[in-house]
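Single-structure report; data block below.
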Amino acid sequence: MQHPTYILFVSVLLRICGGIPLDFKVVDLTHDHSNTTINWPGNPEYNFTILARGKTAGGNWLEMNYVGTAEHAGTHLDSPSHFYKNRNRTHNIPLEKLIGPGVIINVKNKAATNVDYQVSIDDLKQWESMYDQIPENAIVIMNSGWHERYPNASLVFNTDSPTDSSTFHFPAWHEDTIEWLISERSVNVVGVDTPSTDFGQTKTFAVHISLGKANISGAENVANLDAIPESGSMIFVAVTKIYDGSGGPARIFATVPIKDTSFGYTYGPIFVLFLSALCIFIPLLAHLYHRTR
């Protein structure tokens, strides 16, 4: 007995599994960790020492290096413990708190006219008016365009005296906006493309304190934000797992679904996982079909 519907179903699945690329692009959101790495004043400078780079006595090529760095240098994560006692240190931040839907708050025009701009609640509501409510467990990052200034310390800190923090002028988050995010939405990480989640002229570091108290991590000096959409990405904050750390260098990256122009669809991660599961079960379905013949 023939089952044309079943055969068609399997054929379509095989076409999906083997013939149509269900893919996403990966976008690096991390500045190079190097001797140009931006440090907050008072931190030790980056140290990269070559221990071996050449052929061994046995003729094999060998490279080894020593790296010394402050936790809070370059693209990095602030653990909640950074500014609040008895909160998560770097090694005990749950991995699921370092992944989330990307929410990019574009304030480039505002930061261009006000270097001390602080992201407002209205900025978040404007984002929601375009893309719907901020999703659960989001990673919310300010895009001020400041990442383009990196790694020039004078431009990043926006001062002729980059070793004097009292002269710093750069945008970041407003403390009221952070309190609103904490109380009204669910966020895993709050980030900036500037050196601090508090704006340059802060005297209280209220944003750091609020995030720490809520056990929420911060990401600073995030790069390349113009390369991902304001909504629709997944962001991963792969911080070095430093035991007892108050933060650490992080390889931050995003995945962005690629549109399949042959069908006109954009495949999200859940849909891709669903189809992958179907592909795995095709042999099982075929086996069950043959048993019932």
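The values are calculated or read from the model by the stated rules, or taken from the named source; none is laboratory data. Keep in mind that what you see is a predicted model, and the values were worked out from it rather than measured. Here Cβ is always computed from backbone atoms with ideal geometry, including for glycine, and neighbour counts include all displayed protein chains. Ligands, DNA and RNA are stripped out before the accessible areas are found, and what is left, the full protein with its side chains, is counted by its heavy atoms. Shrake-Rupley method; radii C 1.70, N 1.55, O 1.52, S 1.80 Å.
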(message) I'd like to know if the range 40-48 contains one or more residues that are closer than 17 Å to Gly247 by Cα, at pLDDT below 95 and charged (D, E, K, R).
(response) yes
(request) Six or more apart or on different chains, Cβ under 7 Å: which pairs go from a residue in the range 71-85 that's aromatic (Phe, Trp, Tyr) to one that's open to solvent by 10 Å² or more (accessible area, probe 1.4 Å)? Could you list them? (result) Phe83/Phe205; Phe83/His208; Phe83/Ile209; Tyr84/Ile209; Tyr84/Lys213
(message) Please go through (1) open to solvent by 50 Å² or more (accessible area, probe 1.4 Å); (2) outside any helix (DSSP H, G or I) for Pro162 and return the number of the only condition it doesn't satisfy.
(response) (1)
(message) Every residue in the range 204-248 that is at positive phi and either out of contact with any helix residue (DSSP H, G or I) (no Cβ under 9 Å at 6 or more places or on another chain) or open to solvent by 20 Å² or more (accessible area, probe 1.4 Å) (or both), please.
(response) Phe205, Asn215, Asn224, Gly232, Asp244
(request) Go through the range 104-144 residue by residue and tally those that are out of contact with any Lys or Arg (no Cβ under 7 Å at 6 or more places or on another chain) and outside any strand (DSSP E or B). (result) 27
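Yes/no matrix, rows are residues, columns are (1) under 18 Å from the mean Cα position of the chain (by Cα); (2) under 27 Å from Thr49 (Cβ atoms):
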{"residue": "Leu62", "(1), (2)": "no, yes"}
{"residue": "Thr69", "(1), (2)": "no, yes"}
{"residue": "His72", "(1), (2)": "yes, yes"}
{"residue": "Pro80", "(1), (2)": "yes, no"}
{"residue": "Asn86", "(1), (2)": "no, no"}
{"residue": "Glu96", "(1), (2)": "yes, no"}
{"residue": "Ile99", "(1), (2)": "yes, no"}
{"residue": "Gly102", "(1), (2)": "yes, no"}
(request) Keeping to the range 123-143, report how many residues are of a type in the set (Lys, Arg) and closer than 14 Å to Ile104 by Cβ. (result) 0
(request) Quick one: count up the residues across the range 111-131 that are touching a residue at least 40 places away in the same chain (Cβ under 8 Å) and open to solvent by 70 Å² or more (accessible area, probe 1.4 Å). (result) 2
(request) Of the conditions (1) among the aliphatic types (A, V, I, L, M); (2) buried (at least 19 other Cβ atoms within 10 Å of the Cβ); (3) at pLDDT below 95, Ile258 clears all except one; give me its number. (result) (2)
(request) Give me a count of the residues in the range 175-203 that are part of a loop (DSSP other than H, G, I, E, B), surrounded by fewer than 18 Cβ atoms within 10 Å (Cβ to Cβ) and in contact (Cβ under 8 Å) with a residue 24 or more places away in the chain. (result) 3
(message) Out of the residues in the range 29-67 meeting the condition of being within 21 Å of Leu77 (Cβ to Cβ) and hydroxyl-bearing (Ser, Thr, Tyr), tell me which one is most open to solvent (accessible area, probe 1.4 Å).
(response) Thr36
(message) Taking the condition of being within 25 Å of Val222 (Cα to Cα) and open to solvent by 50 Å² or more (accessible area, probe 1.4 Å), how many residues in the range 68-90 meet it?
(response) 7
(request) Run down Val187, Val222 and say which single residue is within 28 Å of Lys259 (Cα to Cα) and touching a Gly at 6+ places or on another chain (Cβ under 6 Å). (result) Val222
(request) Take the range 145-158 and flag every residue that is in contact (Cβ under 8 Å) with a residue 40 or more places away in the chain, open to solvent by 10 Å² or more (accessible area, probe 1.4 Å) and not in a helix (DSSP H, G or I). (result) Gly145, Tyr150, Pro151, Asn158
